[in-house]
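What follows is a short report on a single structure.
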Amino acid sequence: MVNLVSLPENLPVPTDDGGCSHLAGMKLPSIYLPSTSGQLVDCSGLNQRVVLYCYPMTGRPDVSLPEGWDDIPGARGCTPEACGFRDHYQEVKTLGTEIYGLSTQKTAYQQETVARLHLPYALLSDADYSFTKALKLPVFEVDSVVLIKRLTLIVMQGVIEHVFYPVFPPDKHAAEVLTWLRSH
């Protein structure tokens, strides 16, 4: 059984490779993404501030992580990050902000994650890479699967207001985002 909740020590720290330097101030394209709530969500059309945290992939306790996963800077920690946003969800909501998680995993896979972790927010699937390609998000490949590097977009009425990249450590990121939201 894989422990996905706590992070191993000595994980490699990701460095800023400039992969998100073009995003701040960008208007999101109108792309409808399937969500774990059963609805299609177009983040460009939401009339509120949105935290859109992008993550590589959530693991499952009964399935081994890809070989070498812990050696990839920024890869490990999707479950602790999701739980952090879960634990700070009400505080973020009181600031008039919605949270969505986004990965290239299929919605059915994400629904298991939402149920297992008791997430009060929806996860969005970009399994066809339409959002990832349109925004030219930084990616990496593992086992012939393209995954988004961990990053967070703060979007205000369809425009990217702020970008967190790289994100590390992922288990402390929700608190970092909450601090930013309170000061802006």
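Tabulated data
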item: Given charges at beta-carbon only (K, R positive; D, E negative), |dipole| of the chain in Debye; result: 520
item: Computed Kirkwood radius, in angstrom, where 1/r is averaged over Cα pairs of the chain; result: 16.4
item: Sites excluded, GluC sites (Glu not before Pro) in DSSP loops with at most 11 other C-beta within 10 Å, longest stretch of the chain; result: 68-184
item: Most mobile of V167, V159, V146 in a GNM of the chain (Cα contacts under 10 Å); result: V146
item: Positive-end residue of L65, V92, P170, charge dipole of the range 33-183 with Cβ unit charges; result: V92
item: Separation in nanometres of the label points that stand 7 Å from Cα toward Cβ, at Y129 and D70; result: 3.0
item: Inter-centroid distance (Cα atoms) of the range 7-54 relative to the range 67-111, Å; result: 10
item: Non-local Lys pairs in the range 33-183, i.e. 8 or more apart or on different chains, that have alpha carbons under 17 Å apart; result: 5
item: Contact order relative to length of the range 33-183, as percent, for alpha carbon pairs under 8 angstrom and 6 or more apart; result: 35
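Computed from the coordinates by the stated procedures, all read-outs in this text should not be read as laboratory data. This one's a predicted model, so the numbers in the text were calculated from it and none came from an experiment. Positions of Cβ are generated from backbone atoms using ideal geometry, with glycine treated the same way; all protein chains shown enter the neighbour counts.
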